[in-house]
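Okay, structure first, notes after.
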Amino acid sequence: MRKLFLIFFLFCFAGCASDRAMYYYSAPTNLPNVRTEMKTPGFWIGRLTAPDQVIMTADEINRFNREIIRKKYRGDISVFPATYTGREMSDSLRQRFYGMVSAGYFTQYGRKADQKFFIRIKGNMEINNLPDSLNVRYAIVARNSDQRFLPTQDKLTAKPLDIDFDELQENSLDINTPVAVLWQSVDRIWSYVIGPSSPGWVLTENLAFCGQEEMKRMRTPDFVVITSAKADIYLDQQRTRFYSFVRMGTRFELKNISQEVVEISLPIRDETGHIKIVSGYIRAKDLHRGYRPYTPRVIIEQAFEMLNTPYGWGGANGEQDCSQFLQEVFATAGIEIPRDSSVQANIGISLYEFKENEIEAARRDQVRANARAGLSILYMNGHIMLYLGESEGSPYAIHDTWAYREKIASKDTPRRINKVTVSDLSLGQGSGKGSLLLRLKQIRIYNVR
């Protein structure tokens, strides 16, 4: 009887503690104003006048990517320096640690994270023992790996039991991602690495250590890029020995290609922790030889490959959030955009910036006049989308989102989407937050011209 009461109490507490976690009604299969045919790429491609127009050539894309690195929105690990200052590393670790301490987060069990929780983690970070100069090691990610703000797999949430939003989840790294390894935890289970998009802690067992020259050789000119939402990797040509999966936009050196199966160079971790290159096998339908051309058709097709895939905060659970969704889509064309939406909204060319007092009708006109279907990025605080075009005068987008709100009986009612979806920009209209259209900050396009 006592156990039943405890279960009932926890259920009630969970419902009261976090409306984001427990009181979201499911969104309809087709969101408001979305017809079934709108959930296919062909509907939007068929409305374009020049769907196969090349927006940037390969040389222009390389120049675009170099400019992103020059502005330090992304990093080139192949030229990462061999030493790193201990003071800079110490300051970074302390800032991250005490930022989490002061945030007042909750553990995955719904309790406030106390001093005991953080003391254990701080001791494992060994912040006070950093030398004046750190010798940088280099590695390739050999297993899909979460990148964490602190060296722990425990979760911290902004609201009690809101476990889908782990504040310690910073990013996720796919196989074949190069990283610079700066530090390790006392128990050596965790390594603090800097990747192309972000720094953070990853499990050491997921890294294959190598030299910097070995890392550079991984970027061969003859390669394949993953074009499905996820692709399975096998260790045999018959595809019976499963190794892992990779997400859209990941590239591998090509070894051999056939109609059904493609052989790639797969980096794995040997028994000493170092890199070993073996053959991996992926279905031919899951990839493309070289990058796809940067055209409206390609970007729309790649975005719809992700339709209905689950939302994953910070890439958790092998999924993606709104900014990683765009990052993976554009990576299939070789465009290496930054990780965070706020930084993604600072690259490329601004097509329009909205004014605070612009009414909804004026904003709709600006989207229709300035945004380019299949290419334009629509940014608002905390969220980013890909513009698809308009239908019957209404602008539409495809994006990875958790939920929206609608006004029901004078009360904001959350509707849980939790996936990549198609919606028009009136979604959320009448709620306290307002529609997507009213919250837009700017329209951008990734181009050098």
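The values are calculated or read from the model by the stated rules, or taken from the named source; none is laboratory data. The structure presented is a predicted model; accordingly, all values stated were derived computationally and were not measured. Backbone-built Cβ (ideal geometry, glycine too); neighbour counts: all protein chains shown.
Side notes on the structure shown:
- Residue match in the stretch 327-346 (condition: modelled with pLDDT under 95 and basic (Lys, Arg)): yes
- Breaking point among (1) assigned to a strand (DSSP E or B); (2) of a type outside the set (Phe, Trp, Tyr); (3) crowded, with 22+ Cβ neighbours inside 10 Å; (4) touching a Lys or Arg at 6+ places or on another chain (Cβ under 7 Å), for Ile443: (4)
Residues checked against (1) outside the structural domain of Gly195 (by TED's automatic domain parsing); (2) in contact (Cβ under 8 Å) with a residue 24 or more places away in the chain; (3) surrounded by 13 or more Cβ atoms within 10 Å (Cβ to Cβ):
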position	(1), (2), (3)
Tyr84	no, yes, yes
Arg87	no, yes, no
Tyr98	no, no, no
Ala103	no, yes, no
Glu126	no, yes, yes
Asp132	no, yes, no
Tyr138	no, yes, yes
Arg143	no, yes, yes
Pro151	no, yes, yes
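- Flag for Ala397 being at negative phi and among the small types (Gly, Ala, Ser): yes
- Thr250 among the hydroxyl-bearing types (Ser, Thr, Tyr), over 18 Å from Thr177 (Cβ atoms) and outside the structural domain of Gly86 (by TED's automatic domain parsing): no
- Answer residue from the stretch 29-62, given it is of a type outside the set (Gly, Ala, Ser) and surrounded by fewer than 12 Cβ atoms within 10 Å (Cβ to Cβ) and is modelled with the lowest pLDDT among those: Thr29
- Residues in the stretch 55-91 that are more than 30 Å from Leu375 (Cα to Cα), touching a Pro at 6+ places or on another chain (Cβ under 9 Å) and not in a helix (DSSP H, G or I): Phe80 alone.
- Qualifying residue in the stretch 335-343 (condition: closer than 21 Å to Phe165 by Cβ, part of a helix (DSSP H, G or I) and in contact (Cβ under 8 Å) with a residue 60 or more places away in the chain): yes
- Residue within the stretch 367-375 that is closer than 17 Å to Leu427 by Cα, within 19 Å of the chain's Cα centre (by Cα) and either acidic (Asp, Glu) or surrounded by 20 or more Cβ atoms within 10 Å (Cβ to Cβ) (or both) present: no
- Test for Asp365: is it free of Cβ contacts under 8 Å to residues at least 12 places away in the same chain, farther than 17 Å from Tyr446 by Cβ and outside the structural domain of Gln238 (by TED's automatic domain parsing): yes
- Wholly within the stretch 228-318, strands (runs of 3 or more DSSP E) carrying at least 2 residues that are touching a residue at least 40 places away in the same chain (Cβ under 8 Å) and under 23 Å from the mean Cα position of the chain (by Cα): 230-234, 242-247, 251-257, 261-269, 287-289
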